[in-house]
Protein chains: 2
Amino acid sequence: MTHAADGAARTATLTLPRGEIRTPAFMPVGTAGTVKAMMPESVRETGADILLGNTYHLMLRPGAERVARLGGLHKFMGWERPILTDSGGFQVMSLSDLRKIAEEGVRFRSHIDGSEHFLSPERAMEIQCLLGSDIQMVLDECPKLPASEAAIETSLALSMRWAKRSKAAFGEQPGHACFGIVQGGTYANLRCRSAEELQEIGFDGYAIGGLAVGEPQEVMFETLDAVMPSMPADRPRYLMGVGKPDDIAGAVLRGIDMFDCVLPTRAGRTAQAFTRDGTLNLRNARHAEDDAPLDPACRCPACRKFSRAYLHHTVKANEIIASMLLTWHNLTYYQDLMQDLRDAIAEGRLAAQVAEIARVYAREPVD
Amino acid sequence: MTHAADGAARTATLTLPRGEIRTPAFMPVGTAGTVKAMMPESVRETGADILLGNTYHLMLRPGAERVARLGGLHKFMGWERPILTDSGGFQVMSLSDLRKIAEEGVRFRSHIDGSEHFLSPERAMEIQCLLGSDIQMVLDECPKLPASEAAIETSLALSMRWAKRSKAAFGEQPGHACFGIVQGGTYANLRCRSAEELQEIGFDGYAIGGLAVGEPQEVMFETLDAVMPSMPADRPRYLMGVGKPDDIAGAVLRGIDMFDCVLPTRAGRTAQAFTRDGTLNLRNARHAEDDAPLDPACRCPACRKFSRAYLHHTVKANEIIASMLLTWHNLTYYQDLMQDLRDAIAEGRLAAQVAEIARVYAREPVD
C-alpha cells in the first residue's frame, strides 16, 4: 500500500504474512544465519522490518535441507519477521572457486572446504523454499563491470532464460514472493529490455542487480535514471547490494524501495561508524580521551551508554564489544536514515533531505 | 550481614555504597574494561553483583590516569555496581616480559608494546584508587608451584612486607575496601603464618592467592582445610582465580565467600558450555541437527531462543554470536550455581548439593 509519493520516490507498506515492511526499507545482511555481532531482538530494535539471508552461504553451511529439518531459517536464527534470500548467483561469481557456467546452471567449489556444488535456477528456488524465505530471488548471472555491450548482452540473455525457469520453479507459494532481477550492466537499452522481459514473465517485485560493483556513483545513478521508467510502478523495486548513505538517498530519490548492504555491519567490525556528521574511524587516537558520545542524536546503546573514548579503547584492545556496539550503532543509523527518508517523502521534502545527506557524505571521511 | 551458616560455609550480604553482594559470590572477569562478548546489562541479568577488573591490563591500556580523567572505571565501562580490582601482581608474573622483582617493586615490559613499567605496592594501590575500585587488593608476589618451602617462605615474606605498604598506601577511603592476600603455596604452616600476619595489619577482607595454578584439586582443598581455621570468620574470604564448578562448590563447603575466574567467559569463546549435566563442546558434529536447547533448565537467551544445532553452526562458522550466546549461557550457569549454593546453605543441605556438583563435574567432559 502506497502512502505518499514525492517525485519518483514513494513510501509504502509491503504486507507479508510474517510482518509489514515500511519502504523505502534497508535490509541488514544476515549472511550465515546471523546478522554478525547482533542478537536478533537487537536487530529488530534498530528498526529493521526484514533481513537478507545468503543462499550461497547457507547452502554450503549448514545446508538447506538441514535448515528445513530444523524448522526453517526463521526459527533456526530466531528471527520471526520476513526474510529475503538472494539466489546465490552473485556470491558464486565472487566467492567460489573453479566455477563453470553453462545453460543448465553453474558448477563451483565451496570457498569453505573445496567441495563441489551445482546451482541451477531450479535448485536456487528449491533452496530458498527449503529455507522458508519470504521473498525469493531468481538465479542470475552477475558479470563484472566494465564489460563490452556484447558480453553483457550474452550474459543478460542467459539471465532472462534463467529468470523464466526460476519463476516456473517457484510455482505457487501463497504468502511468499518471487522477485526478478534486471541486468544489463550500464547499458540503458539492455537494462530496459531486461525490465520489459521480466515483466512479461511476471514477478511480485523487481530488483536491479549488477550495480554497485565498483562503478562511480554517477554511473549508477545514470543507469537508474535510464531504467526506472521501465520498472513497474505497482511493484516493489529493489536495488541489490547498495550502499553508502548517499547512494541510498540518491536511489530513493529515483524511486527505489528496498536496499541491502553489508556496509553498516562490516564497517562496525572495522572501527568505522556512520554518523549524522559523516563517518568516523574509532581507531584514531584523537578519540582516546573524548568523553562525548559517538553521535549525540543517536538512540543506540553505543551512543547512549558509552563514550568515544570507550569505543576507541575496545577497538584498540580487539574486544568483541567494539564490534557489537559499532554494528548496533551503524544499523541504527541506517534505519534512522530510512525513517528520515520515509518522513521526507510523506512531507514532500525529499530532494532537500537527499541533498543534505549527499552534502555530508560527499565529504572525505573525517576521523 | 550473615544470613545462615552450614558447617564452615555461610551465606551473607556484603553491602557497599554501589550495591549489595550476595555471598558466596562469583565475580565475572572484565579484564580490559569489558566482560568479553557481553553488554554490561546482560552481565547484570545473569545475576552478577560485582565484576573483577585487572589492574595490569588497565594500567597498560587505556591507562589508570586516563580512566580517572574519563570519570572512573564504572562510568567508562557502563557498570555502576561494585568492582573489585586485583593488584596486577599475578598478571605481571604470568604475562609480562623481562620482569625484575626487588624490594621496592617489580619492573616489567608490557606484553602489548614492550614499553617499560614499574609496579610497587604504593603504585598498585594508586592505580586501583584512580580506577575507582570498590574492593582493592594488595600487591603480592605469586610464585609458580611447585616450589620449595624455602623459596615460598622468601616470597611470602616479601608479600607480607608489600601487604603492609599496600595497606598504608590505601589509607582511609570511606566506602572502599582493601583486602589482604594470603600466600604460602601448599605449605600449611606458611599459609597460617600469612593469614595471621595479615590480620595483624588488619584488612576489610582476606583473599587466598597462589592456588589454582595447576595443582590437583585435592591439594587445593587440603591447603584450604589447613588455612581456613586461621582466616577471620567476621570478614569476607576470597579464593582468587577459582575455578571449575566443582572447585567452587568444594571451596564454598570450606568457607569461601567470593570467587573470580575467566573460565566461563573464556570457555564461551571456545565453544565450551557448562550445563547441569556437565560440559559440552558445541563444535562436536553430534550437535549439528540437535533441535534441543543447550540446557533445558537454563533461563539464558542461548537456551531459551536457540538450538544446539544453531550454536554448533555459528561456532563452526566463527560467528561472533556464538561467543556472545555461549558466554551469556556460561555466566548464567555460574550465577545459578552460586544461587543454588546460597539456597543450600540457607536450607542446611550444602553437603548434598556439593556432592551432586562434584558427581557431575568429576566425570570426563561429555560432548
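The set of residues in segment B:28-55 that are surrounded by fewer than 24 Cβ atoms within 10 Å (Cβ to Cβ), more than 14 Å from chain A (Cβ to nearest Cβ) and touching a strand residue (DSSP E or B) at 6+ places or on another chain (Cβ under 9 Å) comprises B:Gly47, B:Asp49.
Picking from A:Ala188, A:Ala249, which residue would you name as being hydrophobic (A, V, I, L, M, F, W, C) and surrounded by fewer than 16 Cβ atoms within 10 Å (Cβ to Cβ)?
Working: A:Ala249 fails: surrounded by fewer than 16 Cβ atoms within 10 Å (Cβ to Cβ).
Sole residue among the options that is hydrophobic (A, V, I, L, M, F, W, C) and surrounded by fewer than 16 Cβ atoms within 10 Å (Cβ to Cβ): A:Ala188.
Screening A:Lys144, A:Lys167 for residues that are in the same structural domain as A:Ala68 (by TED's automatic domain parsing) and touching a Cys at 6+ places or on another chain (Cβ under 7 Å) leaves exactly one candidate, A:Lys167. Quick check on this structure: which one of A:Glu20, A:Glu80, A:Glu65 is part of a loop (DSSP other than H, G, I, E, B) and over 23 Å from A:Gly268 (Cα atoms)? The conditions single out A:Glu80. Do we find that A:Ala177 is within 20 Å of A:Arg10 (Cβ to Cβ) and either modelled with pLDDT of 95 or more or in contact with a Phe, Trp or Tyr (Cβ under 6 Å, 6 or more places away or on another chain) (or both) in this structure? Considered against the rule, which asks whether it is within 20 Å of A:Arg10 (Cβ to Cβ) and either modelled with pLDDT of 95 or more or in contact with a Phe, Trp or Tyr (Cβ under 6 Å, 6 or more places away or on another chain) (or both), A:Ala177 comes out as yes.
Here is a list: B:Glu65, B:Glu41. Which entry is over 17 Å from B:Leu331 (Cβ atoms) and either of a type outside the set (Gly, Ala, Ser) or touching a Ser or Thr at 6+ places or on another chain (Cβ under 9 Å) (or both)? Step by step, each of B:Glu65, B:Glu41 is checked, and only B:Glu65 is over 17 Å from B:Leu331 (Cβ atoms) and either of a type outside the set (Gly, Ala, Ser) or touching a Ser or Thr at 6+ places or on another chain (Cβ under 9 Å) (or both). May I ask you to verify whether B:Ile135 is in contact (Cβ under 8 Å) with a residue 60 or more places away in the chain, of a type in the set (Val, Ile, Thr) and on the phi < 0 side of the Ramachandran plot? Yes, satisfied.
Can you pull out every residue in segment B:184-223 that is under 19 Å from the mean Cα position of the chain (by Cα), within 23 Å of B:Asp134 (Cβ to Cβ) and not in a loop (DSSP other than H, G, I, E, B)? Within segment B:184-223, B:Gly205, B:Tyr206, B:Ala207, B:Ile208 qualify.
Hey, could you check segment B:355-367 for residues that are touching a strand residue (DSSP E or B) at 6+ places or on another chain (Cβ under 9 Å) and of a type outside the set (Phe, Trp, Tyr) and say which is surrounded by the fewest Cβ atoms within 10 Å (Cβ to Cβ)? Spell out how you get there, then give the answer.
We begin by selecting, within segment B:355-367, every residue touching a strand residue (DSSP E or B) at 6+ places or on another chain (Cβ under 9 Å); these are B:360-361, B:363-367.
When the remaining residues are screened for being of a type outside the set (Phe, Trp, Tyr), the result is B:360, B:363-367.
Values: B:Val360: 17, B:Arg363: 11, B:Glu364: 7, B:Pro365: 11, B:Val366: 12, B:Asp367: 16.
Only one residue tops the list, namely B:Glu364.
Among the listed residues A:Thr13, A:Thr85, identify the single one that is over 26 Å from B:Pro301 (Cα atoms) and assigned by TED's automatic domain parsing to the domain that holds A:Ile135. Before you say what the answer is, go through the steps one by one.
Values: A:Thr85 fails: over 26 Å from B:Pro301 (Cα atoms).
Of A:Thr13, A:Thr85, the one residue that is over 26 Å from B:Pro301 (Cα atoms) and assigned by TED's automatic domain parsing to the domain that holds A:Ile135 is A:Thr13.
May I ask you to list the residues in segment A:83-105 that are of a type outside the set (Ser, Thr, Tyr), part of a strand (DSSP E or B) and at pLDDT 95 or above?
Residues of segment A:83-105 that are of a type outside the set (Ser, Thr, Tyr), as a first pass: A:83-84, A:86, A:88-93, A:95, A:97-105.
Narrowing further to those that are part of a strand (DSSP E or B): A:83-84, A:97-101.
Correct list: A:Ile83, A:Leu84.
For segment A:124-144, the criterion of being under 17 Å from A:Leu58 (Cβ atoms), outside any helix (DSSP H, G or I) and hydroxyl-bearing (Ser, Thr, Tyr) is met by at least one residue. In a residue-by-residue description of segment B:71-94, the property of being of a type in the set (A, V, I, L, M, F, W, C), within 14 Å of another protein chain (Cβ to nearest Cβ) and either free of Cβ contacts under 8 Å to residues at least 40 places away in the same chain or surrounded by fewer than 23 Cβ atoms within 10 Å (Cβ to Cβ) (or both) applies to no position.
With a requirement of 1 or more residues that are buried (at least 24 other Cβ atoms within 10 Å of the Cβ), touching a residue at least 40 places away in the same chain (Cβ under 8 Å) and at the interface with another protein chain (Cβ under 9 Å from one of its Cβ atoms), the helices (runs of 4 or more DSSP H) lying completely within segment B:268-350 that satisfy it span B:320-346. Could you look through segment A:61-70, keep only residues that are facing chain B (nearest Cβ under 10 Å) and of a type in the set (A, V, I, L, M, F, W, C), and pick out the one that is farthest from the chain's Cα centre (by Cα)? In this case the residue turns out to be A:Leu70.
Pick out the one residue from A:Phe108, A:Phe26 that is in contact with a Lys or Arg (Cβ under 6 Å, 6 or more places away or on another chain), at negative phi and in a strand (DSSP E or B). Full working, then the answer.
Values: A:Phe26 fails: in contact with a Lys or Arg (Cβ under 6 Å, 6 or more places away or on another chain).
Of the residues listed, the single one that is in contact with a Lys or Arg (Cβ under 6 Å, 6 or more places away or on another chain), at negative phi and in a strand (DSSP E or B) is A:Phe108.
The values are calculated or read from the model by the stated rules, or taken from the named source; none is laboratory data. Treat the numbers as computed from the prediction; the structure is a model and nothing was measured. Backbone-built Cβ (ideal geometry, glycine too); neighbour counts: all protein chains shown.
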